Amino acid sequence: MQTNFQFTNRFANALPADSETENFCRQVEGACYSRVEPLTTANPTCVAFSEETAELLGLRPEDCGSEEFTQIFTGNKILPGMDPFAMCYGGHQFGNWAGQLGDGRAIVLGEIINNKKQHFTLQLKGAGPTPYSRTADGLAVLRSSVREFLCSEAMHHLGIPTTRALSLTLSGNQVVRDMLYDGNPKPEPGAVVCRVSESFIRFGNFEILAARGETELLRQLADFTITHHFEHLRADGTPESYVNLFSEVVEKTASMIIEWMRVGFVHGVMNTDNMSILGETIDYGPYGWLENYDPDWTPNTTDSANRRYRYGQQPAIAQWNLLQLANALFPLIKETKPLEEALAHYADQYQSGWNGMMAHKLGLLSFREEDKTLLGGLGKALQITETDMTLFFRLLANLSHEKMNNDPVSQLLGAYYKPDEINEHTDSGKNKRNLINQWLESYVRRAQSEKLSDVERTDRMNSVNPLYVMRNYLAQIAIDEATEGNYDTVRELLDTMRRPYSEQRGRESFAEKRPEWARTKVGCSMLSCSS
Ligand code: AMP
Ligand code: MG
C-alpha cells in the first residue's frame, strides 16, 4: 500500500492538549483534547471501504484492499506523522446540560492535506477507551458500525452534508452489549469505522469551555474554527467575528435540516454534542428513515416517551441547539442582541428553504405564496393512510396527465402500505380515496401552470426525490448477513446508494417499501442508543 499522507494536524498543533497522558477517565480542564492511542486488536478484517472517500485521501482501491490498510484503520498501525487524540466536549442531551462528554470512543488519527489542498481529519470510531469514555468501553459493535458506514456514504450521495466513512472493519474481538437495555447483554462482533471530515468540532466543544468559564480557550477555539474552517471570515478577535461565525453556523444548520426533511431522515439523537460546527450530519446512532410518512415518528426507543427528536420536530430542535451554541459564544461577544438577531434568521431561512425544497420535490419551478395551501394539503394527504414517503414522490413524478382520469390515486397505489384502506372513510366520515384525489387534482392543476412537459417535470422531481434510501430494514438485512460473515449485502447496498436517484436494474428490491415483518422488528423500526 502506498500512503503519501501529508499530515498537518492543525487542531492538535494549534490548541492546547491535556497535560495528563495516561489513559484513564477524568475531567479534562484547560485543554481541547487528550492524546491517546487506539487499542491494538489481534485479528482485524476489512468488511468494506468507500472508493470515493478513499480517493479524497489519495488512496486507490488496491491500497484499500491491502493488509496494511486494515491494520491502519483499525488502529493497529500508527503511521509516522499521526498524532492520535480524543476531543473534549460537553453537550445538552435530551434538553439537559450533561457536562463533559468528549470522544468516548472516537480517536482522531491525524489530519491530512490532499493534493487538491483539501483538509481531512481521519477518525476511528470504536478503537478503544479514552479519558472521555466515562463508564463505557470505547468500543463499537458491527451492527451500529454497518449502519454508520452505509448511511454516511448514502447521505453524501444524496447530496446531504455529512461526515464520510472510509472503512468498516471487524476488530476481531467480541464486545458485550445489552441491545435493548432489558437486562440481556450478549457478545457481539466488535467493529471500527474510520470516519472522515474536514473537522469533527461540535457545538459541544464550545459549550464545555463556556460552562467552565475557560473564556480564553473558548476564544482560541473560535479563532481556530474561523481561521481554518470559515476562511472567508476574518478571525480578528472582534465580537463581530464571532457573531459572523455563529450566523454561518445558523445558515449551514438550517440547510442541513432542510435536506434531512427532504429525504425523510430522522437523526434520532440531536443532542448538541452531535451537532457539527460545519453543518454536517454527524454521529449515526439510532437514526431512521421515514417509511410511512409520520411527522411524529422517531426510531429511537430511548426517546420513545417524549419523542423529542421525532421527524417533524427536527427543525425546532436544531434551533434550540443553535441557541445553546449562542449561549456558549456569548462570553466572546458579551451582547445578546446580535446573537438573537442571527438566531432569528434561522426561522426565515428554514421556512424559505423548506418552501423552495418542497416546490422542487413537487416539480414546480418555484414556490409561490399560494402554494402554502397545496403543501399543507400534501402533509395531510400523506397521512390519510400509511403512505411510503419515498415511493409516493417517485410515483407522483410519473403521474401522467394524459392518463389522468377522475381517479389519479390509482396511479399511486404502489406507495400505500394498505392500498385497500383508501376505500374506507375517515373518522369524520369522508371518503379517503376522494380526499387523496382532491389533493392530486389540485397538484396537477398547479403543476400544469408551470408549462413543463411530463418528462421535464419527472426529471426535475427525480433529481431530488431519491428512489433508494438506507431503509432501516435494508440495513438490518445487511447486518444480519454480515454477522454470519457474509458482506455481500453491505457492499451491494453501498454500491446502490452511490446512485440513489437512478433506477438500477436488478436492484428493484432495494427500492421496495418496508415488508410487513419489519414493521415492529428490533433494528428496523426500533433502535436504542446501545451500540
Ligand atoms: P452518542 O449518544 O453516541 O452521541 O454518545 C454520547 C457520548 O457517549 C459521547 O461522548 C460518546 O463518545 C460516548 N459514548 C457512547 N458510546 C460509548 C462507548 N461504547 N464507549 C465510550 N463512550 C461512549
Ligand atoms: Mg455522539
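Any read-out appearing in this document is the output of simple, stated calculations on the displayed coordinates, not a laboratory observation. Please read these numbers as outputs of a predicted model, since none were measured by experiment. Neighbour counts are summed over all protein chains in view; Cβ atoms, including those assigned to glycine, are modelled from backbone coordinates with ideal geometry.
Taking H placed 1.01 Å from N in the peptide plane, check which residues at least 5 places from S528 or on another chain put their amide H under 5 Å from its amide H.
For S528, the qualifying residues are T301.
Pick out, in residue order, every one of the trypsin sites (Lys or Arg not before Pro) in the range 172-280 that is DSSP loop and has at most 15 other C-beta atoms within 10 Å; say none if there are none.
Numbers: sites: R177, R195, R202, R212, R219, R234, K252, R262; in loops: R212, R234.
Those that pass, being in a loop and sparsely packed, are R234.
At each listed q (0.06, 0.12 Å⁻¹), what is the log10 of I(q)/I(0) that the Debye formula gives for the chain modelled as equal alpha-carbon point scatterers?
-0.30, -1.16
Report the normalised scattering of the range 6-203 as log10 I(q)/I(0) at q = 0.12 Å⁻¹, calculated by the Debye formula with identical scatterers on the alpha carbons.
Reported log10 I(q)/I(0), two decimals: -0.59.
Reachable lysines from K186, Cα under 26 Å, same-chain residues fewer than 8 places away excluded?
K186 reaches K125, K521.
Check which residues have an amide H placed less than 5 Å from V141's amide H, if you skip close sequence neighbours.
Excluding prolines and chain starts, which carry no amide H, the hits are A191.
Apply the Karplus parameterisation 6.51 cos²θ - 1.76 cosθ + 1.60, with θ equal to phi minus 60°, to every residue of the range 129-142 and state each ³J(HN,Hα) to the nearest whole Hz, in sequence, with x for glycine and proline.
x, 9, x, 9, 6, 6, 9, 9, 9, x, 10, 9, 9, 4
Please sort by residue number the GluC sites (Glu not before Pro) in the range 226-293 whose DSSP state is loop and whose Cβ has at most 11 other Cβ atoms within 10 Å.
Values: sites: E231, E240, E248, E251, E259, E280, E291; in loops: E231, E280, E291.
Filter output for the range 226-293: E231.
Pop the C-beta distance of V455 and Q351 into the FRET formula with R0 = 30 Å and round what comes out to the nearest 0.05.
On the way: r = 31 Å, r/R0 = 1.04.
It comes out at approximately 0.45.
In whole Hz, what ³J(HN,Hα) sequence does the range 190-200 give by Karplus (6.51, -1.76, 1.60; θ = phi - 60°), x for Gly and Pro?
For the range 190-200, the Karplus curve yields x, 9, 10, 10, 8, 9, 9, 7, 4, 7, 9 Hz.
Quote to one decimal, in nm, the extra length available between Q27 and L323 on full extension: 0.36 nm per residue of separation minus the C-alpha distance between them. Could the numbers behind the result be given before it?
Values: separation 296, 0.36 × 296 = 106.56 nm, distance 2.50 nm.
Additional length available on full extension: 104.1 nm.
According to a simple spin-label model (label point 7 Å from Cα along Cα-to-Cβ), what is the distance in nm between E369 and E20?
Each label point lies 7 Å from its Cα, and together they span 6.1 nm.
Mean 1/r over all different Cα pairs, inverted: what Kirkwood radius does the range 402-460 give, in Å? Show your work: numbers first, answer last.
Details: mean 1/r = 0.0779 Å⁻¹.
Final number for the Kirkwood radius of the range 402-460 is 12.8 Å.
Expressed as a whole number of Å, what is the distance separating the alpha-carbon centroids of the range 1-38 and the range 218-238?
Taking the Cα centre of the range 1-38 as reference, the centre of the range 218-238 is 20 Å away.
Tell me the trypsin sites (Lys or Arg not before Pro) within the range 358-410 that lie in a loop according to DSSP and have at most 13 other beta-carbon atoms within 10 Å.
On the way: sites: K361, R368, K372, K380, R394, K403; in loops: R368, K403.
Within the range 358-410, the qualifying trypsin sites (Lys or Arg not before Pro) (loop, at most 13 other Cβ atoms within 10 Å) are R368, K403.
Would you mind checking the radius of gyration and Dmax of the range 216-360 based on alpha-carbon positions, in Å?
When restricted to Cα atoms, the range 216-360 yields Rg and Dmax of 16.0, 49 Å.
Can you give me the angle between helix 371-381 and the longest principal axis of the chain, using Cα atoms only, in degrees from 0 to 90, rounded to the nearest 10?
90 degrees
Using amide H atoms built 1.01 Å from N in the peptide plane, name the residues 5+ places from G99, or on other chains, whose amide H lies under 5 Å from its own.
Counting only residues 5 or more places away or on other chains, the set is G91.
Please list 3J(HN,Hα) in residue order for the range 214-230, calculated via the Karplus relation 6.51 cos²θ - 1.76 cosθ + 1.60 where θ = phi - 60°; whole Hz, with x for glycine and proline.
Residue by residue, the range 214-230 yields 8, 5, 5, 5, 4, 4, 4, 5, 5, 4, 4, 4, 5, 4, 9, 10, 9 Hz.
Relative to the longest principal axis of the C-alpha atoms of the chain, give the angle of the C-alpha long axis of helix 314-333, reported between 0 and 90° and rounded to the nearest 10°.
So the helix axis and the longest Cα principal axis differ by about 30 degrees.
Set the Förster distance to 25 Å, then compute FRET efficiency between K418 and E503 from the Cβ-Cβ distance, nearest 0.05.
Details: r = 25 Å, r/R0 = 1.01.
My answer for the efficiency is 0.50.
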